[in-house]
Amino acid sequence: MTGAAHDGSRPAAAPTVTPATGLDARTVRKDFPGLDREVHGKPLVYLDSAATSQTPRPVIDAMARYYEHFNSNVHRGVHALAEESTEAFEGARHAVARFVGADPRGVVFTKNATEAFNLVAYSWARKRLGPGDVLLSTQMEHHANLVPWQLAAQDAGFELAYVPVTDEGELDRERFDEIVASGRVKLFAVTAMSNVVGTINPVAELAGAVRAANDEAVVVVDGAQSVPHLPTDQSALDADFLCFSGHKMLGPTGVGVLAARPEVLDPMPPFLSGGEMITNVTLEGAEFNEIPYRFEAGTPVIAEAIGLGAAVEYLERIGMSAVRAHEVALLQRALPALEEVEGVTVHGPRDPERRGAAVSFSVAGLHPHDIGTLVDREGVAVRAGHHCAKPLVRSLGSAATTRASFYLYNTEDEIDALIAALEATKRFFDV
């Protein structure tokens, strides 16, 4: 089982949870050594978790145990270390599957969410879409959920269509219905939660509409922002493919997940080829392994997958409902506090219940990069730029925004620190 102490030591204890509030962030953050430091002589206020989250001690320990006690390749060795490594790796697969309500046979470890999208674009879209078919996506997507489809469309000759975003940061449902009514949408790719404006999309409702118009359609869901922050059930989302990354959900970099319905994944040809993904090779050809191993060519991301398994077990001990409730409480304080700063425009839904904890905003007269640089001097880490979502950011009337993103370890005091840093930045530039 992932996180099992193969050196005989006991796994790290679960963090304290305060039932009254659902989550005690001050206790939780003690598990995160990266938060216990200063930046420019100020206590670190880390508000960039939508880009990469911090890593708790149990995840670091799980990866260290692998390298210190049973570092070896998986699946092929018969010695004790190989069996322990395989046990931990496959335990991580089952933990991840449980976390998102998926079948372990459909859980493929990739190097990130981007590779998961590319796998579907190569092995499903290029093989099953052609002239006359429509791949529907939205203006709200991360580049990872746009560019792979664009390249596949160039090769396979299918059409691309996009649902625009309203001024309120929601998908234009009227335009969605018009496109879907054609019955030609054969793949629908949509984010469950925007990484820019935070919007939580009604994925299951949209997927149902697409399938009602074309029962051959498949649904690809970008869960990179939603899986780390919301209770997730792949079946409830009605997703054939669910893509997400480890490093945004307390896990390490270098590991992502494609959670696919086995009956959809099984007929698909390999994406990458080589060792591990075969059952037999001759000089004339090869026979391919069963799923999910067919899609994990070469030595897989062993330590990273074990780390991700420890991350989901950590989140399970806290409870994803508690994580969500904590973030809604932070949004209830952050959104009005930001809007009270003169010249600040917050993008996306104003209702905390309808959005995630990534909050993009603009400040009149200031460039986001100047804001990011100046608030960093106050110890506050935020994101500035297009957030790998240029079509959406352009629709906001800008080439870039500033983004503060919250997670389970952030406190209300850190929102106050952000507001104070913004006010200091405005005074510095005299705006």
| task | Just need a number here: residues in region 373-431 that are part of a helix (DSSP H, G or I), of a type in the set (A, V, I, L, M, F, W, C) and free of Cβ contacts under 8 Å to residues at least 24 places away in the same chain. | result | 0
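Out of curiosity, is Val165 touching a residue at least 12 places away in the same chain (Cβ under 8 Å) and open to solvent by less than 10 Å² (accessible area, probe 1.4 Å)?
For Val165, the condition - touching a residue at least 12 places away in the same chain (Cβ under 8 Å) and open to solvent by less than 10 Å² (accessible area, probe 1.4 Å) - is not met.
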| query | Would a scan of region 122-141 turn up a residue that is within 20 Å of Gln225 (Cβ to Cβ) and open to solvent by 10 Å² or more (accessible area, probe 1.4 Å)? | reply | yes
| task | List the number of the failed condition for Gly348; all other conditions in (1) crowded, with 19+ Cβ neighbours inside 10 Å; (2) at negative phi; (3) at pLDDT 95 or above hold. | result | (2)
| task | Find the residue count for region 311-326, including only residues that are touching a helix residue (DSSP H, G or I) at 6+ places or on another chain (Cβ under 8 Å) and open to solvent by less than 20 Å² (accessible area, probe 1.4 Å). | result | 6
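Got a sec? Which of Ala399, Ala424 is touching a Lys or Arg at 6+ places or on another chain (Cβ under 9 Å), more than 29 Å from Gly251 (Cα to Cα) and at pLDDT below 95? Can you show your working first?
Details: Ala424 fails: at pLDDT below 95.
None of the other options fit; the residue is Ala399.
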| query | What is the one condition in (1) surrounded by fewer than 17 Cβ atoms within 10 Å (Cβ to Cβ); (2) touching a residue at least 12 places away in the same chain (Cβ under 8 Å); (3) touching a Phe, Trp or Tyr at 6+ places or on another chain (Cβ under 8 Å) that Gly275 does not satisfy? | reply | (3)
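Inside region 167-272, counting only helices (runs of 4 or more DSSP H) that do not spill past its ends, which hold 2 or more residues that are under 23 Å from Arg354 (Cβ atoms)?
Working: elements: 173-180, 203-213, 234-237, 262-265.
Output list reads 173-180, 203-213, 234-237.
Test Ala297 against the criterion of being open to solvent by less than 40 Å² (accessible area, probe 1.4 Å) and closer than 30 Å to Arg98 by Cα, and give yes or no. If you could, list the steps in order and put the result at the bottom.
Working: open to solvent by less than 40 Å² (accessible area, probe 1.4 Å): yes; closer than 30 Å to Arg98 by Cα: yes.
Yes: the conditions hold for Ala297.
The values are calculated or read from the model by the stated rules, or taken from the named source; none is laboratory data. No experiment lies behind these values; they were computed from the predicted model shown. Virtual Cβ from ideal backbone geometry, glycine too; neighbours counted across all protein chains shown. Areas reflect the complete protein model, heavy atoms only, side chains present, ligands, DNA and RNA absent. Shrake-Rupley method; radii C 1.70, N 1.55, O 1.52, S 1.80 Å.
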